[in-house]
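Visitor: What follows is a structure written as structure tokens; I'll ask about it next.
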Amino acid sequence: MLQRQIGDSSLTVSALGFGAGHIGGPDLDERAAHALLDRVLDLGITFIDTARGYGASEERIGKWLPRHRGSVVLSTKVGYDVPGEEDWTAGAVRGGVEQALRVLKTDVIDVVFLHSCTLSVLEGGEAVEALLACREAGKIRIAGYSGENDELAWAAGAGAFDVLQTSVNLFDQASLRRTLPAASEHGLGVVAKRPLANAPWRWRERPDGVYGETYWDRLQKMNLRPLADDWVGTALGFSAFTPAVSTAIVGTSRPSNLTAAAAAIARGPLSAAERQRWEQAFNPRAGEWAGEI
Ligand SMILES: NC(=O)c1ccc[n+]([C@@H]2O[C@H](COP(=O)([O-])OP(=O)(O)OC[C@H]3O[C@@H](n4cnc5c(N)ncnc54)[C@H](OP(=O)(O)O)[C@@H]3O)[C@@H](O)[C@H]2O)c1
């Protein structure tokens, strides 16, 4: 598995990461979640991304992690839902980190993101400073912002963060143009979320309540198909190989789909012509198609 540095930080991660959103929900029991995490390591994936808001995800990772801590670069996201603390205050950020350390059963978290707070929260400074204080105290190794559009652009130029997390996929190219070049210039790493665009090609009719509806709409409008009908290879050949991207975090509840993603990464980047075809289909709508959180 291809490994890359996260920006100018000391952390190195696999080009394919695992987005652990799906292992926190009711569709998987704990045993199946742990089997999926075992598959992550078997495939050479070394980056796992979770969040305080992903149901039982942090807890399930915490029960599995102690035996595997040295093999994993772990990230989570904070800023909300801490008892007794107002969301996005210093107390909520600090409390989120403290709770994550306890639940994940580790004494340091490699990457912690502010989880999609607003521009006014970012500009207010309190949440950002609290996260940097956690870095200073050695509770986290690097500090990040996860979000889109104006907020992401602000975070790229703030001089505070080490890494950004943003949607990068065939149907979401907003940050490619607006933010990734600046991120790269400032030495920030980039975690590409939703790299399969939630696999909208699976649905013949517009889905409802699956989180990928907007991408399904964009797929219809762009009206392209991948070469050889290789959707997963094309999606990851685009996302994981976008300049500035350190790792692309695929979310799945199925070991077989994770294995397919690893095989797709091994096939490498899209050819320049194929990449251009997808960029050119997106370009005419770039002004109206914002980054999707
Ligand atoms: N910071 C944020 O606000 C934020 C927002 C969204 C996502 N994220 C992060 O990004 C990760 C990934 O995002 P995501 O899960 O929304 O999007 P994604 O990785 O683009 O797509 C996941 C969807 O694609 C399906 N899938 C996975 N592999 C497939 C394959 N080989 N063939 C066909 N379908 C496949 C999965 O279903 P199956 O379960 O059936 O495989 C799942 O429904 C999340 O887990 C999370 O860590 C962060």
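Visitor: How many percent of the accessible area of the chain is carbon or sulfur, using a 1.4 Å probe? Don't skip to the answer; put the middle values down first.
Guide: Working: 5820 of 12290 Å².
C and S fraction of accessible area: 47 percent.
Visitor: Now a separate question. In the chain, once you exclude exposed GluC sites (Glu not before Pro) (DSSP loop, at most 13 other Cβ within 10 angstrom), what's the longest stretch remaining?
Guide: Numbers: sites that count: Glu86, Glu205, Glu288.
Answer - 87-204.
Visitor: Roughly how many nanometres apart are two label points built 7 Å out from the Cα toward the Cβ at Ala35 and Gln276?
Guide: 4.6
Visitor: While we're looking at this one, here's another question. Quick one: which residues, 5 or more positions from Ile142 or on another chain, have an amide H under 5 Å from its amide H? H modelled 1.01 Å from N in the peptide plane, none for Pro or chain starts.
Guide: Close amide H contacts, sequence-distant or interchain: Val111, Val112.
Visitor: On average, how much accessible surface per residue is there in the chain, in Å², for a 1.4 Å probe, leaving out ligands, DNA and RNA?
Guide: Numbers: 12290 Å² over 293 residues.
Ligands and nucleic acids excluded, the result is 42 Å² per residue.
Visitor: Measuring from label point to label point, each 7 Å out along Cα→Cβ, what is the Ala263 to Thr118 span in nm?
Guide: Roughly 4.7 nm, to one decimal.
Visitor: How long is the gain from Glu86 to Asp42 if the chain were fully straight, where each residue apart is worth 0.36 nm and the alpha carbon distance is subtracted?
Guide: Values: separation 44, 0.36 × 44 = 15.84 nm, distance 4.04 nm.
Stretched fully, the Glu86-Asp42 segment lengthens by 11.8 nm.
Visitor: Below 8 Å between Cα atoms, with a sequence gap of 6+, how large is the relative contact order for the chain in percent?
Guide: Working: 584 pairs, mean separation 59.0, N = 293.
Computed over the chain, the figure is 20 percent.
Visitor: Amide H neighbours of Leu11 under 5 Å, counting only residues 5+ apart in sequence or on other chains, H built in-plane at 1.01 Å?
Guide: The list, which skips near neighbours in sequence, is Ile6.
Visitor: Quick one: accessible surface of Ser184, probe radius 1.4 Å, all protein chains present, in square angstrom to the nearest 10.
Guide: 70
Visitor: So how much slack lies between Ala133 and Ala286, counting 0.36 nm per residue of separation and subtracting their Cα-Cα distance, in nm? Please report the intermediate quantities before stating the final value.
Guide: Working: separation 153, 0.36 × 153 = 55.08 nm, distance 3.71 nm.
Taking Ala133 through Ala286 to full extension adds about 51.4 nm, to one decimal.
Visitor: Also, quick follow-up: Whole percent per 5 Å bin, from 0 to the bin with the longest distance: what is P(r) over all C-alpha pairs of the chain?
Guide: Result, from short to long distances: 1, 6, 13, 17, 19, 18, 14, 8, 4, 1, 0 percent.
Visitor: Which number gives the lysine pairs in the range 3-284 that have C-alpha atoms under 15 Å apart and are eight or more places apart or on different chains? Each step should come with its number before you reach the end.
Guide: On the way: Lys63/Lys105; Lys77/Lys139; Lys77/Lys193; Lys105/Lys139.
The result is 4.
Visitor: Per residue of the range 115-129, in order, report the coupling 6.51 cos²θ - 1.76 cosθ + 1.60 (Karplus, θ = phi - 60°) as ³J(HN,Hα) in whole Hz, putting x for Gly and Pro.
Guide: Result, rounded to whole Hz: 8, 6, 6, 6, 4, 5, 5, 4, 5, x, x, 4, 5, 5, 4.
Visitor: Mind checking the full-extension length gain between Arg67 and Asp107? Use 0.36 nm per residue of separation minus the Cα-Cα distance, one decimal, nm. Walk me through the intermediate numbers first.
Guide: On the way: separation 40, 0.36 × 40 = 14.40 nm, distance 1.40 nm.
Fully extending the segment from Arg67 to Asp107 adds 13.0 nm.
Visitor: With a cut-off of 16 Å, note down the residues of the range 15-40 whose backbone N falls inside the zone around a label point 7 Å from the Cα of Ser253 toward its beta carbon.
Guide: 19-37
Visitor: Still on this structure: Based solely on its DSSP helices, what 222 nm [θ] is calculated for the chain when runs of n ≥ 4 H residues each add -39,500 (n - 2.57) and the sum is averaged over all residues, nearest 500 deg cm²/dmol? Walk me through the intermediate numbers first.
Guide: On the way: 12 runs with 115 residues, N = 293.
Rounded to the nearest 500, it is -11500 deg cm²/dmol.
The values are calculated or read from the model by the stated rules, or taken from the named source; none is laboratory data. None of these values were measured; they are calculated from a predicted model. Every residue, glycine among them, receives a Cβ derived from its backbone with ideal geometry; neighbour counts consider all protein chains shown. Ligands, DNA and RNA are stripped out before the accessible areas are found, and what is left, the full protein with its side chains, is counted by its heavy atoms. Shrake-Rupley method; radii C 1.70, N 1.55, O 1.52, S 1.80 Å.
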